[in-house]
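Just so you know, all these numbers are worked out from the coordinates, no wet-lab data involved. As the structure is a computational prediction, the values presented were derived from the model and not from experiment. When we count neighbours, we look across all protein chains shown, and the Cβ atoms used for this are built from the backbone with ideal geometry, even at glycine.
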Amino acid sequence: MRAVVISAGTISDYEYTKGLINDGDFIVCADGGLAHCKEMGLKPALIVGDFDSFSGELPGDAEIIKLQPEKDFSDTHVAVAEAVDRGYDELLLLGCTGTRLDHTLSNIGMLENLRRIGKKAVLADGHNLMHAMEKRELIRGVPGMSVSFIPLQPVTGITLRGFKYPLNKADIDMYRSIWLSNVLASDVGEVTFDSGVLIADIYND
């Protein structure tokens, strides 16, 4: 069972984004994500927000959770929590990157929170597919596929095999750019690390 959370960030290609959504997905809109949902001709099952970024008419056939403007968590955070509480084990996050870098970083951070509770979550936009990594994981794709490994917390003992730029038991952190712009050298690359928080970002240039 998969939930799709559509937030109010940037969606520049509606055709591509709509193609990521499957029939039967449980669609949740976080506030201004409802405008994106309407542009794609989709009907949300649930709308969550304080509605500071959406001022249009709300659909009458969707469940609505109205939040107070002053709150501890973002509309997107609450929308994701609602999907988890309703039993969805797989989540696709859309409209979660954009000009608000603070919201973008918060949304990327949620990927690790979801991984820790056993949920499979992907954050996608027109250029990136991101997920939080397990300590041993295979990256599947085609040779030449671009991938960065973003250490949200310092990562120790990372080893990369099957990539153009391998590493062997290295330590990486956000403050040095060695983790940027790697390339898959075969159909499958292997990533292992000892500790830390690591985000895989498969991107197109």
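Applying both filters, DSSP loop and at most 16 other Cβ atoms within 10 Å, to the chymotrypsin sites (Phe, Trp or Tyr not before Pro) of region 128-205 gives Tyr175.
Estimated purely from DSSP H runs of n ≥ 4, each contributing -39500 (n - 2.57), the mean residue ellipticity at 222 nm for the chain is -5500 deg cm²/dmol once divided by its residues.
Taking 0.36 nm per residue of sequence separation and subtracting the Cα-Cα distance, how much length would be gained by fully extending the chain between Ser55 and Leu105, in nm to one decimal?
Here the segment from Ser55 to Leu105 would lengthen by 15.5 nm.
A Förster radius of 25 Å, combined with the Cβ-Cβ distance separating Tyr175 from Lys135, puts the computed FRET efficiency at roughly 0.70. Overall size of region 2-127 from C-alpha positions, given as principal axis extents largest first: 37, 34, 30 Å. The GluC sites (Glu not before Pro) of region 8-99 that meet both conditions, a loop assignment by DSSP and at most 11 other Cβ atoms within 10 Å of the site Cβ, are Glu57, Glu70.
Angle of helix 101-116 to the longest C-alpha principal axis of the chain, folded into 0 to 90 degrees and rounded to 10: 70°. Taking the Cα centre of region 133-203 as reference, the dipole from Cβ charges on Lys and Arg (+1) and Asp and Glu (-1) amounts to some 140 debye. Dipole check for the chain: with +1 at the C-beta of Lys and Arg, -1 at the C-beta of Asp and Glu, and the Cα centre as origin, the magnitude is about 720 Debye. Positive end of the charge dipole of the chain (Lys, Arg +1 and Asp, Glu -1 on Cβ, about the Cα centre): tell me which of Ile199, Asn168, Gly41 has its Cα farthest that way. Checking the options against the dipole of the chain, the answer is Asn168. Site pair Asp13 and Ser195 shows an inter-label distance of 4.0 nm when each label is modelled 7 Å from Cα along Cα→Cβ. With both residues required to sit in the chain, DSSP beta bridges show an antiparallel share near 60%. Axis angle, to the nearest 10 degrees, between helix 75-85 and the longest C-alpha principal axis of the chain: 80 degrees. Restricting attention to the chain, lysine pairs at least eight places apart or on different chains and with alpha-carbon atoms under 16 angstrom apart total 5. Cβ-Cβ distance of Phe73 and Lys120, R₀ of 22 Å, FRET efficiency by 1/(1 + (r/R0)^6): the value works out to about 0.55.
Put one equal scatterer on each alpha carbon of region 133-203, apply the Debye formula with no solvent term, and list log10 I(q)/I(0) at q = 0.11, 0.20, 0.27 1/Å to two decimals. So the normalised log intensities are -0.21, -0.71, -1.33.
Are there chymotrypsin sites (Phe, Trp or Tyr not before Pro) in region 1-92 that DSSP puts in a loop and that have at most 13 other Cβ atoms within 10 Å, and which ones?
Listed in order of number, the matching sites are Phe73.
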